[in-house]
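Reviewing the structure listed below.
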Amino acid sequence: MTIEQFKTLTLEQKLVEIKYHGELLGSWERPSEEAGKKQPGDIFQLGEFWVFLSDDEKTVIPTRRNVLAGS
């Protein structure tokens with residue numbers, strides 16, 4: 001699956017893809033829109049891209065950059 005295909009899925013479908021095809025790489029706190037706050041969650045590798053999944057499983061953000069690898 002490509003990142004473009006993943007983006008078209010519903011939240012429920014994304015969670016299924018992450019559960020059955022994702023590889024948990026570790027925890028990460030994503031910078032939030034609210035100044036000074038961070039959103040806790042996990043980073044998964046899913047094929048050739050990575051996905052941030054918030055602890056409450058309401059936020060799913062695919063990216064082409066592995067945020068755990070540094071800048």
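The values are calculated or read from the model by the stated rules, or taken from the named source; none is laboratory data. The structure displayed is predicted, hence computed values, not measured ones. Note that we place each Cβ from the backbone using ideal geometry, even for glycine, and neighbour counts take in every protein chain shown.
Structure above, values below:
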{"read-out": "Restricting segment 1-14 to residues that are aliphatic (A, V, I, L, M) and modelled with pLDDT of 95 or more, the residue that is surrounded by the fewest Cβ atoms within 10 Å (Cβ to Cβ)", "value": "Leu11"}
{"read-out": "Output for segment 2-47, where each listed residue is out of contact with any Gly (no Cβ under 6 Å at 6 or more places or on another chain) and in contact (Cβ under 8 Å) with a residue 40 or more places away in the chain", "value": "Thr2, Ile3, Phe6, Lys7, Leu11, Lys14, Leu15, Ile18, Leu25, Gly26, Trp28, Gly47"}
{"read-out": "Residue satisfying all of: in segment 15-46; among the small types (Gly, Ala, Ser) and surrounded by 15 or more Cβ atoms within 10 Å (Cβ to Cβ); farthest from Ile3 (Cα to Cα) among these", "value": "Gly41"}
{"read-out": "Complete set of residues in segment 48-58 that are in a loop (DSSP other than H, G, I, E, B) and either touching a residue at least 24 places away in the same chain (Cβ under 8 Å) or of a type in the set (Lys, Arg) (or both)", "value": "Glu48, Glu57, Lys58"}
